[in-house]
Amino acid sequence: MAVTRTFSIIKPDATRRNLTGAVTKMLEEAGLRVVASKRIHMTREQAEGFYAVHKERPFFGELCEFMMSEPVVVQVLEGEDAVARNREVMGATNPADAAEGTIRKTHALSIGENTVHGSDSDENAAIEIAYFFKPEEIVG
Ligand code: GDP
Ligand code: MG
């Protein structure tokens, strides 16, 4: 299996509770390497642009307000089959459905405040990485 990259966000519910290190540790223990990382406070434009794919969903407004509410940590993760590996350690969207030992089972507060974002395909990973990082900010 090839070494690939994915895009991750440590969401406001986690930065607020000082869980940046705890979440990153779980990512690293899952075999993912942090090859880029920065703490940002998303603007409305950034949040609405990033989640444009969800703009018809009923929770779109709530999701964007949440993502703009406090700082987040955006990261590029590298590893064997990184998208799938990250989705596995993240757990299901709703923490009530997430498997034991996953990030969302361990830390998420609700289906909305669910601690992490992770790309869902290699194609989206490339788009999402480019949305927040310049190539020279990624050091593999
Ligand atoms: P993900 O890929 O597992 O993050 O899930 P989705 O792509 O389906 O949804 C994107 C994000 O929207 C989720 O991570 C949640 O933060 C949020 N979200 C999804 N479903 C709901 C919902 O029913 N209510 C609320 N408030 N937020 C939701
Ligand atoms: Mg998604």
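With the other protein chains left in place, how much accessible area per residue, in square angstrom, belongs to the chain at a 1.4 angstrom probe?
Solvent-accessible surface per residue comes out at 52 Å².
Ranked by accessible surface with a 1.4 Å probe, highest first, in what order do H41, H107 come?
H41, H107
In what order, largest first, do T106, T6 sit by accessible area if the probe radius is 1.4 Å?
Heavy-atom accessible area, descending, gives T106, T6.
Out of T6, T43, A130, whose Cα points farthest toward the positive end of the dipole of the chain (charges: +1 Lys, Arg; -1 Asp, Glu; placed on Cβ)?
With unit charges placed on the Cβ atoms, the residue in question is T43.
Based on DSSP H runs of at least 4 residues, each adding -39500 (n - 2.57), what is the mean residue ellipticity at 222 nm of the chain after dividing by all its residues, to the nearest 500 deg cm²/dmol?
-11000 deg cm²/dmol
At a probe radius of 1.4 Å, what is the per-residue accessible area of V3, in Å² to the nearest 10?
Only protein atoms counted, so the area is about 90 Å².
Please enumerate, by chain and number, the lysines with C-alpha under 29 Å from the C-alpha of K134, excluding those fewer than 8 residues away in the same chain.
K11, K25, K38, K55
Are there GluC sites (Glu not before Pro) in the range 1-79 that DSSP puts in a loop and that have at most 12 other Cβ atoms within 10 Å, and which ones?
When the GluC sites (Glu not before Pro) of the range 1-79 are filtered for loop state and at most 12 Cβ neighbours within 10 Å, E56 remain.
Cα gyration tensor of the range 55-126, axes a ≥ b ≥ c as square roots of the eigenvalues: rounded (a/c below 1.5), prolate (a/b > b/c) or oblate?
Here the range 55-126 falls in the oblate category.
For the range 94-136 and the range 1-20, compute the distance between their C-alpha centroids and round to whole Å.
The two parts, judged by their Cα centres, are 6 Å apart.
Let me check I have the definition right: for the chain, take the eigenvalues of the Cα gyration tensor, multiply each by 5, take square roots. What are those semi-axes in whole Å, largest first?
Taking √(5λ) for each eigenvalue gives 21, 18, 14 Å, largest first.
About its Cα centre, how strong a charge dipole does the range 25-140 have in debye, to the nearest 20, once Lys and Arg get +1 and Asp and Glu get -1 at the Cβ?
In total the dipole reaches around 260 debye.
The values are calculated or read from the model by the stated rules, or taken from the named source; none is laboratory data. The shown structure was predicted, so the numbers you read here are calculated from the model rather than taken from an experiment. Counting neighbours? That spans all protein chains shown, and the Cβs are built from the backbone with ideal geometry, glycine included. Side chains included, ligands, DNA and RNA excluded: accessible areas come from the protein's heavy atoms. Shrake-Rupley method; radii C 1.70, N 1.55, O 1.52, S 1.80 Å.
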